[in-house]
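*Asks:* Once you've had a glance at the structure underneath, I'll fire off some questions.
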Amino acid sequence: MTEPRITVVGSFAVGMTIRTPVMPIFGETLRGSDFDMGPGGKGSNQAVGTARLGARSALVGLIGEDKLGEIAIDLYAQEGIDTTFFRRTAQRPTGVGFIILNPAGENFIILDMAANELLDAAFVDQAEAHIAASAVVMSVLEIPVAAAARAMQLGQRHGVTTILNPAPAAALPPDIFQYIDVLTPNETELRILMGLKPDDPTPTRDLAQQLKARGITTLIVTQGPRGALVFSGDDTFEVPGVAVPVVDTTGAGDAFNSGLAVALAEGRPLRTAVEFGCCAGALACTRLGVIPALATRADVEKLHRQHYA
């Protein structure tokens, strides 16, 4: 099978992870363990994730002219990511994220996206020909909404499948939805997109129906270990999750989107593509760290055969 081309318009940040026995409260100092520092950022993770699953992946983005930025350069050389439109800037430092994990593998994350915040529509326009030659263009919300929206607009202009992973969730302009072929929030992000509190008790299915009515072709709500809820045209269905021993959930959403994007780029049916994404997301939970946990094509195919066949 020919390797599909996927362009990711997104973010890079260096992730600094530490484990704690319990989550801290304000003013408390805890002893942690298992400190790890490595490449992250949702756009970067998805570029690496799609490349490991067999795509020719390109990343459009910005980093600082600092030591942390060199981590990105080294990673993309190793993973074979096209960095034609991945640039360095002296205006801001490279983005960083601080991740705290509890024994259950749950986390909270604090981000300073720094250089990523300089990404704008004009910068994305430089990559238009690259996007036009892709099977899928993906974006996230760790960059300014205007840049993500432009990626979706350019993709639709050239008949490219557009996927927006609205994470971290932010208010979106109403006109962006017409350019999104596939929107992939989790249950918390879905509520924020609807202007509600993250823990609003309204049933997820009801909120998803309301959001899809804004003009989205396909809405996929990820539900962690419970799989995904899919709304596409007049069709609604659930894809069950894959049970795995959880070590670290960080990056599971990026892995899901990577699997989904590659399968769609290869022309697989939507249900199969969501299953593929669920397998990639599940495997990402079985190892500490994001990049080490992003699965290979062989591992995802094997889990897919075992679980969904």
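The values are calculated or read from the model by the stated rules, or taken from the named source; none is laboratory data. Everything numeric here is computed off the predicted structure, so don't read it as measured data. All Cβ positions, even for glycine, are placed from backbone atoms using ideal geometry, and neighbour counts span all protein chains on display.
*Asks:* Within segment 233-265, track down each residue that is without any contact (Cβ under 8 Å) to a residue 60 or more places away in the chain and either in contact with a strand residue (DSSP E or B) (Cβ under 6 Å, 6 or more places away or on another chain) or outside any loop (DSSP other than H, G, I, E, B) (or both).
*Replies:* Result: ASP235, THR236, PHE237, GLU238, VAL239, ALA252, ALA263.
*Asks:* Please determine whether any residue of segment 94-102 is within 22 Å of VAL145 (Cβ to Cβ) and surrounded by fewer than 18 Cβ atoms within 10 Å (Cβ to Cβ).
*Replies:* no
*Asks:* Does ALA115 count as within 14 Å of GLY43 (Cα to Cα) and over 17 Å from the mean Cα position of the chain (by Cα)?
*Replies:* Yes; evaluated as a whole, the condition is true for this residue.
*Asks:* Moving on to the next point. Tell me which residues, restricted to segment 261-283, are under 19 Å from VAL244 (Cα atoms) and not aromatic (Phe, Trp, Tyr).
*Replies:* Result: VAL274, GLU275, GLY277, CYS278, CYS279, ALA280, GLY281, ALA282, LEU283.
*Asks:* Going residue by residue through segment 185-198, is there one that turns out to be surrounded by fewer than 20 Cβ atoms within 10 Å (Cβ to Cβ), closer than 25 Å to THR250 by Cα and touching a residue at least 40 places away in the same chain (Cβ under 8 Å)?
*Replies:* Within segment 185-198, not a single residue is surrounded by fewer than 20 Cβ atoms within 10 Å (Cβ to Cβ), closer than 25 Å to THR250 by Cα and touching a residue at least 40 places away in the same chain (Cβ under 8 Å).
*Asks:* If I ask for residues that are touching a Leu at 6+ places or on another chain (Cβ under 6 Å) and among the acidic types (Asp, Glu), which ones from segment 241-290 would you list?
*Replies:* Passing the criteria: only ASP248.
*Asks:* Is it the case, given these coordinates, that ALA127 is small (Gly, Ala, Ser), surrounded by fewer than 18 Cβ atoms within 10 Å (Cβ to Cβ) and on the phi < 0 side of the Ramachandran plot?
*Replies:* no
*Asks:* Can I ask one more? Kindly establish whether MET152 is closer than 14 Å to VAL8 by Cα and surrounded by 19 or more Cβ atoms within 10 Å (Cβ to Cβ).
*Replies:* yes
*Asks:* When you go through GLY15, GLY38, GLY27 one by one, which is the residue that is over 25 Å from the mean Cα position of the chain (by Cα), of a type outside the set (Val, Ile, Thr), farther than 30 Å from GLY267 by Cα and modelled with pLDDT under 95?
*Replies:* GLY27
*Asks:* Another question, if that's okay. Only residues that are at pLDDT 95 or above, under 20 Å from the mean Cα position of the chain (by Cα) and either within 18 Å of ALA170 (Cβ to Cβ) or exposed (fewer than 13 other Cβ atoms within 10 Å of the Cβ) (or both): list them for segment 199-246, please.
*Replies:* LEU219, VAL221, THR222
*Asks:* In this structure, does LEU68 turn out to be surrounded by 14 or more Cβ atoms within 10 Å (Cβ to Cβ) and in a helix (DSSP H, G or I)?
*Replies:* Spelling it out, LEU68 is indeed surrounded by 14 or more Cβ atoms within 10 Å (Cβ to Cβ) and in a helix (DSSP H, G or I).
*Asks:* Determine which member of the set GLY105, GLY97 is at positive phi and of a type outside the set (Phe, Trp, Tyr).
*Replies:* The match here is GLY105.
*Asks:* Please tell me if GLY61 is touching a residue at least 40 places away in the same chain (Cβ under 8 Å), closer than 24 Å to THR84 by Cβ, not hydroxyl-bearing (Ser, Thr, Tyr) and not in a helix (DSSP H, G or I).
*Replies:* Here the answer is yes, as GLY61 does meet what is asked.
*Asks:* List pairs: first residue in segment 39-56 and in contact (Cβ under 8 Å) with a residue 24 or more places away in the chain and assigned to a helix (DSSP H, G or I), second residue surrounded by 24 or more Cβ atoms within 10 Å (Cβ to Cβ) and β-branched (Val, Ile, Thr) anywhere in the structure, Cβ distance under 6 angstrom, at least six positions apart or on different chains.
*Replies:* LYS42/VAL140; GLY43/VAL8; GLY43/VAL140; ASN45/VAL290; GLN46/VAL8; ALA47/VAL8; THR50/ILE6; THR50/VAL262
*Asks:* Another one. Can you tell me how many residues within segment 71-99 are of a type outside the set (Lys, Arg), more than 19 Å from the chain's Cα centre (by Cα) and part of a strand (DSSP E or B)?
*Replies:* Count: 1.
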